[in-house]
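Colleague: I have a structure here, written as C-alpha cells, and I will follow up with some questions on it.
The values are calculated or read from the model by the stated rules, or taken from the named source; none is laboratory data. The structure presented is a predicted model; accordingly, all values stated were derived computationally and were not measured. Every residue, glycine among them, receives a Cβ derived from its backbone with ideal geometry; neighbour counts consider all protein chains shown. These accessible areas exclude ligands, DNA and RNA; they are computed on the full protein's heavy atoms, side chains included. Shrake-Rupley method; radii C 1.70, N 1.55, O 1.52, S 1.80 Å.
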Amino acid sequence: PNFGASLHMLKVEIGGDAQSTDGTEPSHMHYENDENYFRGYEWWLMKEAKKRNPKIKLIGLPWAFPGWIGKGENWPYDYPDVTAYYIVSWILGAKQYHDLDIDYIGIWNERAFSSKYIKLLRYTLDKHGLEQVRIIASDRLWEPISYVMLTDSELHGVVDVIGAHYPGTKTVQNALLTGKKLWSSEDYSTFNDDVGAGCWARILNQNYVNGNMTSTIAWNLVASYYEELPFGRCGLMTAQQPWSGHYKVDSPIWITAHTTQFTQPGWSYLQVDGHLGGGGSFVALTDGLGNLTIIIETMTHNHSKCIRPPLPNFSIVPQRATFYVTGSFYMVETLQVWHSRLDFEYGNSSLFQKLRPLKVWKGRFTLDLNVDEVYTLTTLKTGRKCFFPEPPPPPQPFPSNYKDDFNIRNPPFSEAPNFADQTGVFEYFVNASDPGDHVFTLRQVVVQRPITWVSDADQTISVIGNFKWVNITITCDIYIEKPRDGGVFIAGRVDNGGIYVRRTEGVFFWVFADGTYRVTGDLAGKKILMKGLSGVRDNAWHTLTLNIQGNSASGLLNGYPLWENVTVSHPKNGWAALGTRSFEFAQFDNFHVE
C-alpha cells in the first residue's frame, strides 16, 4: 500500500493442467486420488501479496480442469458434485497449507456456466464453513447470466457479483436490474507502453461512469513469460528475464496508483454523471468518514485503445472544468493533487507527480485540463511514489549455454526454472528405485487429456530459451515409461506456444517405445522429414542429441549418429523444447542446450 501499484485485489488461476493462454498451470489434483497444495507459483504469489498488503482480496478462477473431473468428457458439469468438491478442496487447501483466505470464487473462465453447479458450489462452500467466500459469475459476458438470475431467484440468491470480461465500459439493463455488484472481472490485456497506460486510465474510470462497474481487474499482473508467446508484455509491468533479474516498471503501474492509493475496497462511488464537457471522465469516491477522492482522465481516442473491444471514435479538447462539492464535502478546504501526463510526441511522459495542493473556495474549484492527462484530487495525504532502492540489473539474453540436471532435493517450486509448459505439466521427480544416475529428473505427469479451455496439443511440450536462436545443439537423457506406443522428443526452432500450441512448427526429433524414430517439422508429427529404426525401448535411459546448423539437421542416439543431412528450411528460429507423443508419463534428465 502507498508504494506503487498498491493493488486491492489479486485474482489467480486455479490450475487445471491445461493451456490457459501462455502456458499450463498445474492442478492441485492431477488424478482422482491425488492432492498437493504446493504445485505451481500461485500459492507463493498469493503469500507474497499478503506479506505486502494483508488486506488484499483474493479471487480464484479455473480456466481448465483435470480430465478425471469429466470422466472422459470435455465438460465440467456432468458431475457437478465432483467439480464443486474439487474447487472447494482448493479453497480449503489454501487455508490449511498457506493460511490464505480466498474471498471470491469464480465458475469457469469465459466458458458456459451451469445454474445447477453454481447452486451446488454455494451449498458445498457452506457445508465446509466457507460462508464468507463470495461467488462471482460468469466471467464471460453480461448475458445470459443476468437474465437467468432475474428468472431464477435461487441463483440470484447465491451469485454475489456479476463479472464480465472486456465490457468496453458498457453494461446491460438486465445486469443493472439484478441489483448485484457489477465488475469488469477481466480487462486491459494491452501492450504495456503509454497507449496501454491510456487504455487502463480510461477504463478504470469509464467502467464505472458508463457501466456502473465498481471493480476492474487487469489481465495480467506482470508480464513474466516469454515475450513471443501470445499477448507478450500485456502486464501492468514487465519482468520476463528471471535469468538476468531485469525488470521494468511500466507506465500502467503509475496509472493504477492514481486510483488504488487513494481508495480502498469498501469505499463508495458517488453517483454523479462523470462525463466531462470537453470529453474525458471523472469519478468521485468516499470512505463515508469524510474523505473524498476524485480521479479525472482525458485520454484521447488513439492514445487509449485497448486490445479489445474496438473503440468507437470520440473527441477530447483541452478544457477548464469547475467542480462543486456540497453536503458534507462543503467543508473541504484543500485537496492533494497527483498528476500524470502521457506524452506521445516526445516520449517524455510525466507519471504520478505530486503537485501543489488545490484550494477549494466555498465548495468549488476549477482545473485546466489538457488531453492525455490523469489527475487525482484527494483529502488523503498518504500517497507516495516509491522505488526499490537498487536499480534493476541490466537485460541479458537467455544464456547461450544452458544446463539443468534437475538435481535438487527440496526444490522451491514443483517445476524447473525457465521451462514454459505449453501442453502437459513437467515436474521435478524423485526416482527412488534408480541406482544413482537418474534419481532426480523432470517428469511429464498429465496422463489424461484435461477438460481444456483452448485446443491444447495432442502431445505434451515445454519450451525454453531464446526465441531468436537459429543454430542450436540440444542434448537430453530421456526415459519412455509407456510401453508399445509411448514416445518422447527434443526439438529446436520451435515457433509457437500458448493458445496456438497445436500449430507449433520446428525441428522435432522423436523416439518411440517400438524402436523407431522420426524427424518432423511440426509438433503434430504430420510433416515427416526422416524416419527409421533406433533400437530405443521403454523403461530404459537413452541420450538424444539434436544439432541444427543453417538448413541442415542431424541427430545422435547415445552419442552415435542416427540420422544426418536432413534439410530444414522453416521455421528460421525458435525455442528449444522437450515433450511426449501423448498424455503419458516420461522422464528427462541432464538437459543441455548450446
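Colleague: Of all residues in the range 367-381, how many are closer than 18 Å to LEU335 by Cβ, open to solvent by 70 Å² or more (accessible area, probe 1.4 Å) and part of a loop (DSSP other than H, G, I, E, B)?
Modeller: 1
Colleague: Return yes or no: is GLY163 in a strand (DSSP E or B), at pLDDT 95 or above and open to solvent by less than 10 Å² (accessible area, probe 1.4 Å)?
Modeller: Yes: the conditions hold for GLY163.
Condition check ((1) open to solvent by less than 10 Å² (accessible area, probe 1.4 Å); (2) within 14 Å of LEU61 (Cβ to Cβ); (3) at pLDDT 95 or above; (4) not in a loop (DSSP other than H, G, I, E, B)) across all residues:
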{"site": "LEU121", "(1), (2), (3), (4)": "yes, yes, yes, yes"}
{"site": "THR124", "(1), (2), (3), (4)": "no, no, yes, yes"}
{"site": "ILE136", "(1), (2), (3), (4)": "yes, yes, yes, yes"}
{"site": "GLY157", "(1), (2), (3), (4)": "no, no, yes, yes"}
{"site": "PRO167", "(1), (2), (3), (4)": "no, no, yes, no"}
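Colleague: Quick one: which strands (runs of 3 or more DSSP E) lie wholly within the range 198-280 and hold at least 2 residues that are open to solvent by 10 Å² or more (accessible area, probe 1.4 Å) and within 26 Å of SER315 (Cα to Cα)?
Modeller: Fully inside the range 198-280 and qualifying: 216-219.
Colleague: Working carefully through the options ILE105, ILE118, find the one that is within 25 Å of ASP152 (Cβ to Cβ) and either under 21 Å from the mean Cα position of the chain (by Cα) or not assigned by the TED database to the domain that holds GLU35 (or both).
Modeller: Every option except ILE105 fails the conditions.
Colleague: Mind checking whether some residue in the range 189-196 is in contact (Cβ under 8 Å) with a residue 60 or more places away in the chain, among the acidic types (Asp, Glu) and open to solvent by less than 10 Å² (accessible area, probe 1.4 Å)?
Modeller: For the range 189-196, residues in contact (Cβ under 8 Å) with a residue 60 or more places away in the chain, among the acidic types (Asp, Glu) and open to solvent by less than 10 Å² (accessible area, probe 1.4 Å): absent.
Colleague: Take the range 430-477 and flag every residue that is open to solvent by 40 Å² or more (accessible area, probe 1.4 Å), among the hydrophobic types (A, V, I, L, M, F, W, C) and more than 25 Å from ASN547 (Cα to Cα).
Modeller: Answer for the range 430-477, where residues must be open to solvent by 40 Å² or more (accessible area, probe 1.4 Å), among the hydrophobic types (A, V, I, L, M, F, W, C) and more than 25 Å from ASN547 (Cα to Cα): VAL430, ALA432, VAL447.
Colleague: Still on this model: Tell me yes or no: at least one residue of the range 476-493 is under 24 Å from the mean Cα position of the chain (by Cα) and in a loop (DSSP other than H, G, I, E, B).
Modeller: So far as the range 476-493 goes, no, none of its residues is under 24 Å from the mean Cα position of the chain (by Cα) and in a loop (DSSP other than H, G, I, E, B).
Colleague: Among the residues of the range 1-33, which ones are acidic (Asp, Glu) and outside any loop (DSSP other than H, G, I, E, B)?
Modeller: GLU13, the sole residue that qualifies.
Colleague: So if I check each of THR543, THR516, THR520, which one is assigned by the TED database to the domain that holds PHE489, open to solvent by less than 60 Å² (accessible area, probe 1.4 Å) and under 15 Å from ALA577 (Cβ atoms)?
Modeller: Among THR543, THR516, THR520, only THR520 is assigned by the TED database to the domain that holds PHE489, open to solvent by less than 60 Å² (accessible area, probe 1.4 Å) and under 15 Å from ALA577 (Cβ atoms).
Colleague: For the range 366-387, state whether one or more residues are of a type in the set (Ser, Thr, Tyr), without any contact (Cβ under 8 Å) to a residue 24 or more places away in the chain and in contact with a Lys or Arg (Cβ under 7 Å, 6 or more places away or on another chain).
Modeller: no
Colleague: Right, another one. Determine, yes or no, whether GLY525 is in a strand (DSSP E or B) and touching a residue at least 60 places away in the same chain (Cβ under 8 Å).
Modeller: no
Colleague: Right, another one. Out of all the residues in the range 315-348, which are part of a loop (DSSP other than H, G, I, E, B), among the charged types (D, E, K, R) and touching a residue at least 24 places away in the same chain (Cβ under 8 Å)?
Modeller: GLU333, ASP343
Colleague: Taking TYR85 as the residue in question, decide whether it is surrounded by fewer than 16 Cβ atoms within 10 Å (Cβ to Cβ) and at pLDDT 95 or above.
Modeller: no
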